[in-house]
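Visitor: Got a structure for you, questions after.
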Amino acid sequence: MTGTEELTRLPARLGGRLCLDFVNTVDPRGPRGRDYLPGYVALIDWAGATEAVDRDVIDRARAAAATWQATEAYHEAISLRETLYRVLRASAERRQPDEADADALRAAVARLQSRRLLVTDGTAWRWAWSGGDPLRLPGWIILADAIDLLAGAGQADAADRANLRVCAGQDCGWLFVDTSKNHTRRWCSMSGCGNRSKTQRHYQRLRAKRASQLTDAEPA
Ligand SMILES: [Zn+2]
C-alpha cells in the first residue's frame, strides 16, 4: 500500500483486524518502508484512531509520553509489531514461523496473561484489563487480537484465519483478511496496489510485444 496514503499521517486501515492494521504501519513492508509509528506519541495517536483502546487509557498514555517508561513501552510495542508481522505472514503463507519468533510470541503471551483479569458482576464472567499500565495496554489489546486470529476457537476467528492473505502487490507485504464474496481479493487496496499491478502488467505486455516485433524484424 504505497501512494496516496503518503500524504496523510496515518496509514489506511485495510487489514480487517486490529492486529493486521498494526503490522501494516510500515509501508511498504521491507527495509525501504516508511514507518508510520516513529515514536510513542505516533503509536498512541494510531491506537486512539482505531477506537480499540478506551479514551481514558489513551489520555493517560499520552500524558506520560515524555517519560523513559514510554520510550521503553514504545520499543517493546515495535518489537512486538515486527514479531507479529513475521508470525502472521508465515500463517498467511501456510508455513511455519521461525522458532525464535514463535518463542518471542509465547513469551509475550505469558506476560499478557498477567494483565488480563477474570471479573464477574455476580452472574456473568468476562475478561477485563488490569488498568495499572496504560503505556503498554494498547500493545496488550493488539496482541490479544493477534492470538485470537492465530488460535481463537470461535467461528469468526477461524474464518479470518483461513482468509488471511499477503498483498500480491510488488514489495507491498501488507496483510489482510479476504472477506470478498468469492475470496479472490489479491491486493490490500484496489486503488493502490491493484491499480499499480495492472499498470505494470500492461507495460510488461507492451514491452514484450515490442521485443517480439523487433525480433521479427531482424534480418535472417
Ligand atoms: Zn498492497
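Visitor: Checking the condition crowded, with 17+ Cβ neighbours inside 10 Å, away from the ligand (no atom under 16 Å from the Cβ) and farther than 16 Å from residue 92 by Cβ, which residue from 116, 205, 136 passes?
Guide: One residue alone meets the criteria, 136.
Visitor: Next question. Checking the conditions here, which among 146, 211, 162, 158 is small (Gly, Ala, Ser), more than 16 Å from the ligand (Cβ to nearest atom) and crowded, with 19+ Cβ neighbours inside 10 Å?
Guide: On inspection, the qualifying residue turns out to be 146.
Visitor: A further question on this structure: List the residue pairs whose Cβ atoms are under 9 Å apart, where the first residue sits in segment 176-198 and is surrounded by fewer than 20 Cβ atoms within 10 Å (Cβ to Cβ), the second is of a type in the set (Phe, Trp, Tyr) and assigned to a loop (DSSP other than H, G, I, E, B), and the two are 6 or more positions apart or on different chains.
Guide: So the pair list comes out as 194/187; 195/187; 196/187; 197/187.
Visitor: Quick test for you: out of 49, 104, 65, 42, pick the one residue that is without any contact (Cβ under 8 Å) to a residue 40 or more places away in the chain, more than 21 Å from residue 145 (Cα to Cα) and of a type in the set (A, V, I, L, M).
Guide: Going through 49, 104, 65, 42 in turn, the sole match is 65.
Visitor: Looking at 86, 94, which one is over 18 Å from residue 21 (Cβ atoms) and either of a type in the set (D, E, K, R) or touching an Asp or Glu at 6+ places or on another chain (Cβ under 8 Å) (or both)?
Guide: Only one candidate qualifies: 94.
Visitor: Of all residues in segment 4-25, count the ones that are outside any loop (DSSP other than H, G, I, E, B), touching a residue at least 60 places away in the same chain (Cβ under 8 Å) and surrounded by fewer than 20 Cβ atoms within 10 Å (Cβ to Cβ).
Guide: Summing the residues that are outside any loop (DSSP other than H, G, I, E, B), touching a residue at least 60 places away in the same chain (Cβ under 8 Å) and surrounded by fewer than 20 Cβ atoms within 10 Å (Cβ to Cβ) in segment 4-25 gives 2.
We did not get these values from a lab; they are worked out from the coordinates using the rules stated. None of these values were measured; they are calculated from a predicted model. In this analysis, Cβ positions are derived from the backbone assuming ideal geometry, glycine residues included, and neighbour counts consider all displayed protein chains.
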